[in-house]
Amino acid sequence: MALDSMTLDIVATMVAALLGAMLLHFGRQESTPALRWWGAAYVLGAVAIALWTLIGDLYGEVVSLFLSSIGLIATAMVWNAARVFHGKTPSVPGLVLGAIVWIASGMLLHPSAQSLRLTIGAALVVLYATLTAAELWQERRRTLHKRWPALLVPAMHGFVLMLPILLGNMLRDADGAFAAAWVTIFSIELVLYAVGTVFVIFMLVSERIVSAHKRAATTDPLTGLLNRRGFAESCAQLIAREARERRPVSVLIFDIDHFKSINDRFGHAEGDEVLKLFANVVVNNLRLTDISGRIGGEEFAALLPCSIDEAMVAAERVREAFAAAGVVCEDKPVDTTVSIGVAGGAAGTDLDVLLAAADTALYKAKRTGRNRVEASAELPLSLDRYRRQRAAAATAATPPAGQAVISG
């Protein structure tokens with residue numbers, strides 16, 4: 001049974017329009033500019049197909065040429081949507097260049113050169129499909145675990161459009177049979193491409209939303225560093241990776257000296273600024289391969305894939321940079337010093353063991369004058385025993401509630 005080309009065009013128009021309206025709706029609802037670009041591209045494509053089908057033959061070759069150029073602009077908008085999705089600015093020249101080339105070829109080539117014009121049009125759409133596939137593949141945030149659909153859908157679309165280029169010179173098309181068959185195949189493929197692209201779009205957006213929620217759950221909102229949960233998860237991965245290579249790891253624990261007095265004297269707003277300043281100092285003075293996080297109020301930690309000797313050098317670098325920060329609150333200079341405990345372990349040493357050893361070294365630094373770096377002499381033999389000692393010390397340091405009231 002032969003398929004009527006007008007019926008296929010009507011189906012393609014309806015599918016593109018419905019998908020475009022859906023993308024525009026979700027784009028406004030989710031405040032996602034890329035979805036709005038994709039939606040507008042689909043709606044514009046639907047309009048182009050509808051007008052070309054209904055009035056393209058009625059008003060001559062020039063009108064048909066301009067209507068088909070609108071479809072090329074819609075194709076370029078799909079590529080620009082992928083650019084916007086990855087944080088790039090839309091390419092205005094790229095948006096109209098394909099349409100200009102198509103119109104110019106239609107006006108300059110002889111009407112009998114139909115096959116050549118068809119090849120040029122297909123090549124332009126293949127180019128935009130390739131650019132779109134490249135943008136979708138380059139997920140910079142690396143949140144997409146299965147990228148193959150993002151490449152396969154535009155690649156298949158480009159392959160169908162390449163058929164006139166690949167086979168046009170091999171087939172004698174005196175009666176136009178090849179062109180007619182290709183138009184039918186393209187109309188069917190266009191519907192499948194529209195649906196497949198929307199599937200890829202929603203997969204990408206879903207991955208991005210999941211990643212954003214995960215970052216929010218593992219990031220400290222004040223400093224932008226990892227919170228305790230995110231720090232533990234990232235450290236576990238790094239320790240496992242270094243263990244496979246039999247490389248040592250080291251932990252640094254930072255505690256800002258006399259931070260409570262800063263809050264008491266200048267208020268919590270200024271205290272927050274000091275915390276953000278220290279977070280920047282840590283990031284700027286550690287390597288990109290190091291992991292840092294805020295694990296308490298004024299307590300920070302970092303995991304370094306290196307020996308304890310190298311970690312001591314990094315810790316001194318952070319301490320000196322923070323001491324030289326020169327913070328001024330209410331026209332008064334504020335001493336910004338930090339005590340640091342350092343612990344190192346062999347490949348595969350558990351994070352909790354490293355933190356316990358570094359915490360012991362930190363307390364030594366505080367007892368011996370603050371604003372200093374201390375290295376742990378050894379790892380704790382029993383982590384449970386260490387935790388019980390810390391809990392007992394914390395209980396002993398906090399007086400009972402009744403006693404606090406009496407001594408008030």
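Out of all the residues in segment 35-48, is one or more over 18 Å from Ala16 (Cα atoms) and in a helix (DSSP H, G or I)?
Step one: list which residues in segment 35-48 are over 18 Å from Ala16 (Cα atoms), which gives none.
Among the residues of segment 35-48, not one is over 18 Å from Ala16 (Cα atoms) and in a helix (DSSP H, G or I), which makes the answer no.
What number of residues within segment 69-123 are in a helix (DSSP H, G or I) and under 21 Å from the mean Cα position of the chain (by Cα)?
Residues of segment 69-123 that are in a helix (DSSP H, G or I), as a first pass: 69-85, 92-108, 114-123.
Now narrow it down to the ones that are under 21 Å from the mean Cα position of the chain (by Cα): 78-85.
Summing the residues that are in a helix (DSSP H, G or I) and under 21 Å from the mean Cα position of the chain (by Cα) in segment 69-123 gives 8.
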(request) Find the residue count for segment 217-232, including only residues that are at pLDDT 90 or above, assigned to a helix (DSSP H, G or I) and surrounded by 15 or more Cβ atoms within 10 Å (Cβ to Cβ). (result) 4
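Could you check segment 233-254 and list, in sequence order, the residues that are outside any helix (DSSP H, G or I) and crowded, with 21+ Cβ neighbours inside 10 Å?
Of everything in segment 233-254, those that are outside any helix (DSSP H, G or I) and crowded, with 21+ Cβ neighbours inside 10 Å turn out to be Val249, Ser250, Val251, Leu252, Ile253, Phe254.
Looking at Leu355, Leu277, Leu304, Leu351, which is the one that is touching an Asp or Glu at 6+ places or on another chain (Cβ under 7 Å), surrounded by 14 or more Cβ atoms within 10 Å (Cβ to Cβ) and of a type outside the set (Ser, Thr, Tyr)? Outline the logic, then answer.
Details: Leu355 fails: touching an Asp or Glu at 6+ places or on another chain (Cβ under 7 Å); Leu277 fails: touching an Asp or Glu at 6+ places or on another chain (Cβ under 7 Å); Leu351 fails: touching an Asp or Glu at 6+ places or on another chain (Cβ under 7 Å).
Only one candidate qualifies: Leu304.
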(request) Give, as residue ranges, the strands (runs of 3 or more DSSP E) completely inside segment 304-377 that count at least 2 residues that are touching a residue at least 60 places away in the same chain (Cβ under 8 Å) and of a type in the set (Gly, Ala, Ser). (result) 338-345
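Residue-by-condition table, conditions (1) β-branched (Val, Ile, Thr); (2) modelled with pLDDT under 75:
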{"residue": "Leu166", "(1), (2)": "no, yes"}
{"residue": "Asp175", "(1), (2)": "no, yes"}
{"residue": "Val183", "(1), (2)": "yes, yes"}
{"residue": "Glu189", "(1), (2)": "no, yes"}
{"residue": "Ala194", "(1), (2)": "no, yes"}
{"residue": "Arg215", "(1), (2)": "no, no"}
{"residue": "Glu245", "(1), (2)": "no, no"}
{"residue": "Phe266", "(1), (2)": "no, no"}
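Taking Thr53 as the residue in question, decide whether it is in a helix (DSSP H, G or I), in the same structural domain as Ala99 (by TED's automatic domain parsing) and buried (at least 20 other Cβ atoms within 10 Å of the Cβ).
Numbers: in a helix (DSSP H, G or I): yes; in the same structural domain as Ala99 (by TED's automatic domain parsing): yes; buried (at least 20 other Cβ atoms within 10 Å of the Cβ): no.
So Thr53 fails the test.
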(message) Criterion first (under 20 Å from Glu320 (Cβ atoms) and either assigned to a helix (DSSP H, G or I) or free of Cβ contacts under 8 Å to residues at least 40 places away in the same chain (or both)) does Ala279 satisfy it?
(response) yes
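The values are calculated or read from the model by the stated rules, or taken from the named source; none is laboratory data. What you see is a predicted model; the values in this text were computed from it and never measured. Backbone-built Cβ (ideal geometry, glycine too); neighbour counts: all protein chains shown.
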